[in-house]
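> One structure follows; several queries about it will come next.
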Amino acid sequence: VTTCSRRAIAACVEAGASWSFVPIHLPKAEQKLPAFTALNPYGKVPAWRDAEGFDLYESRAIMQHVCEGTPLIPSTAKERALMNQWLWVDQCSFKPAFDPIFYQKVLKKVPLDEQQCAACKVELEKTLDHMEAALSKSGLDYLAADAFTIADLTYLCYFQVFAPAGLADTLETRPALASWWVRCSAR
């Protein structure tokens, strides 16, 4: 199951949403078949269709939709802004640095390029440093608020595979982030 699919599934579970999982065989490119591209014209997972026939794609949009009205979406404008900021940091900075490492070391979809993985780890550690600083400065238990939000949930799906990706050591020098991970992973 892809990181993005795990993110959408985790949001459904956390929000108590009614959902079902329909497996898509990615190596057989089932996500490119007309039945699936009717849900997501980009032919990528995940995709969502609710009981009324409302279709949605992109995992972060699915997260926000299923979590609307729950404590996973903060009630104050500032907390929602911080939540969205961390979602964008994920999309623009974290994921681009994490994915090459994950694809090469965990999924083994492409040949291992240690030089590229090392460069990506350096980039990833910049975001980890920002996360450490934000948690330390804010005094919050979570990234955007005093309570767990989808900002935390979006990173949970990455941190779950830090060990097989060879990234577990990145938490050793970031105590606030390590504590955050312990709180999040205990959910």
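The values are calculated or read from the model by the stated rules, or taken from the named source; none is laboratory data. Note that the structure is predicted; figures quoted are calculated from it, not measured. Heads up, the Cβs are rebuilt from the backbone with ideal geometry, glycines too, and the neighbour counts pull from every protein chain shown. Just so you know, the surface numbers come from the protein's heavy atoms only, side chains and all, with ligands and any DNA or RNA stripped out. Shrake-Rupley method; radii C 1.70, N 1.55, O 1.52, S 1.80 Å.
> Answer yes if at least one residue in the range 3-19 is over 24 Å from LEU87 (Cα atoms) and open to solvent by 60 Å² or more (accessible area, probe 1.4 Å), and no otherwise.
No, there is no match, as no residue in the range 3-19 is over 24 Å from LEU87 (Cα atoms) and open to solvent by 60 Å² or more (accessible area, probe 1.4 Å).
> Scan the range 133-159 residue by residue and report those that are in a loop (DSSP other than H, G, I, E, B) and in contact (Cβ under 8 Å) with a residue 60 or more places away in the chain.
Residues satisfying the conditions are LEU143, ALA144, ALA145, ALA147, PHE148, THR149.
> Counting only residues that are open to solvent by less than 20 Å² (accessible area, probe 1.4 Å) and within 16 Å of ARG6 (Cβ to Cβ), which one in the range 157-187 is modelled with the lowest pLDDT?
If we take residues in the range 157-187 being open to solvent by less than 20 Å² (accessible area, probe 1.4 Å) and within 16 Å of ARG6 (Cβ to Cβ), then CYS157 is modelled with the lowest pLDDT.
> Checking TYR142 against (1) open to solvent by 10 Å² or more (accessible area, probe 1.4 Å); (2) more than 16 Å from the chain's Cα centre (by Cα); (3) under 22 Å from LYS78 (Cα atoms), which single condition isn't satisfied?
(2)
> Take the residues in the range 101-110 that are free of Cβ contacts under 8 Å to residues at least 60 places away in the same chain and open to solvent by 30 Å² or more (accessible area, probe 1.4 Å); name whichever of them is farthest from the chain's Cα centre (by Cα).
Among those that are free of Cβ contacts under 8 Å to residues at least 60 places away in the same chain and open to solvent by 30 Å² or more (accessible area, probe 1.4 Å), it is VAL110.
> Look through PHE21, PHE54, PHE36 and report the one residue that is closer than 15 Å to ARG7 by Cβ and more than 17 Å from the chain's Cα centre (by Cα).
PHE21
> Then there's this: What number of residues within the range 13-32 satisfy the criterion of being among the acidic types (Asp, Glu) and free of Cβ contacts under 8 Å to residues at least 12 places away in the same chain?
Looking only at that region, the number is 1.
> Which of the residues spanning the range 160-181 are in a helix (DSSP H, G or I) and farther than 19 Å from VAL13 by Cα?
Of everything in the range 160-181, those that are in a helix (DSSP H, G or I) and farther than 19 Å from VAL13 by Cα turn out to be ALA168, ASP169, THR170, LEU171, PRO175, ALA176, LEU177, ALA178, SER179, TRP180.
> A further question on this structure: List the number of the failed condition for ARG49; all other conditions in (1) in contact (Cβ under 8 Å) with a residue 12 or more places away in the chain; (2) of a type outside the set (A, V, I, L, M); (3) open to solvent by 40 Å² or more (accessible area, probe 1.4 Å); (4) in contact with a Leu (Cβ under 8 Å, 6 or more places away or on another chain) hold.
Among (1) in contact (Cβ under 8 Å) with a residue 12 or more places away in the chain; (2) of a type outside the set (A, V, I, L, M); (3) open to solvent by 40 Å² or more (accessible area, probe 1.4 Å); (4) in contact with a Leu (Cβ under 8 Å, 6 or more places away or on another chain), ARG49 violates only (1).
> Determine which member of the set PHE94, PHE98 is among the hydrophobic types (A, V, I, L, M, F, W, C), modelled with pLDDT of 95 or more and in contact with a Cys (Cβ under 9 Å, 6 or more places away or on another chain). Break it down stepwise before answering.
Values: PHE94 fails: in contact with a Cys (Cβ under 9 Å, 6 or more places away or on another chain).
Matching residue, one of PHE94, PHE98: PHE98.
> Only residues that are part of a helix (DSSP H, G or I) and either in contact (Cβ under 8 Å) with a residue 60 or more places away in the chain or open to solvent by 60 Å² or more (accessible area, probe 1.4 Å) (or both): list them for the range 111-132, please. Give the derivation first.
Just the residues of the range 111-132 that are part of a helix (DSSP H, G or I), to begin with: 114-132.
Within the range 111-132, GLU114, GLN115, GLN116, VAL122, GLU123, LYS126, ASP129, HIS130 qualify.
> Looking at the range 62-80, which of its residues are of a type in the set (A, V, I, L, M) and open to solvent by 60 Å² or more (accessible area, probe 1.4 Å)?
Taking the range 62-80 and keeping what is of a type in the set (A, V, I, L, M), we get 62-63, 66, 72-73, 77.
Once the filter is applied, which keeps residues that are of a type in the set (A, V, I, L, M) and open to solvent by 60 Å² or more (accessible area, probe 1.4 Å), the range 62-80 yields only ALA77.
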